[in-house]
Amino acid sequence: MSSSYPSRYCKEHRFCGRRGAFRVHADDVRDRRRREREAIAVLVTDPWPRTVQQRCLAVVDGPAWEEFLAERASRACRVLAALAARVERADRLPVERLHDLVLGEGERDQAVRRVAAAVAVAVSRRVGDPAEVVFAIRLLGVFSCASVDQVGRCPCRRAIVERFGARAAADKLARGLPDRLAA
């Protein structure tokens with residue numbers, strides 16, 4: 001259905017109704033989501049989870065990692081998404097403060113927080129970029145959702161795709177945690 005009005009809006013919007021409301025085409029939204037799913041499909045392949053796990057085990061002790069894996073994926077991902085947002089707002093913290101910020105005061109989700117703190121501190125020390133610290137925490141969330149095949153509903157994946165775009169997010173996620181983490 002085309003409008004008789006000249007379009008000065010992007011291709012995702014169209015003129016609807018008498019009040020002048022503009023709405024996103026449902027087909028465009030479905031196509032965008034399909035492209036995102038295809039770009040992130042690399043996560044369910046076998047080498048990616050093993051690589052992430054090996055690099056995490058380089059900085060996290062075994063029992064904490066086992067507790068992290070035993071945590072419900074949806075709960076772990078929500079906690080990691082909140083932690084990443086908190087670290088993103090804090091920006092440029094010293095390593096000691098970063099560790100305390102990620103661990104928090106709560107007794108719940110301590111395994112998730114311990115793993116996130118260990119990875120965040122290691123990335124901060126070895127890479128030094130605060131954006132990479134936030135990405136590493138969100139990558140743990142994507143990993144936990146990918147382990148139970150729920151990447152489609154992962155809030156960490158959504159945040160990464162919003163930040164970098166679908167293709168760049170797929171490339172960054174495929175690379176996983178920095179190689180220097182295991183060094």
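How many percent of all Cα-Cα pairs in the range 113-179 sit more than 21 Å apart?
In whole percent, the long-distance tail amounts to 19.
Net charge near VAL115: determine it from the other residues with C-beta under 11 Å of the C-beta of VAL115, scoring Lys and Arg +1 and Asp and Glu -1.
-3
Taken together, the values in this text are just the output of simple stated rules run on the coordinates, not laboratory data. What you are looking at is a predicted structure, and each value in this text was computed from that prediction instead of being measured. With ideal geometry, Cβ positions are generated from the backbone for all residues, glycine too; neighbour counts draw on all protein chains shown.
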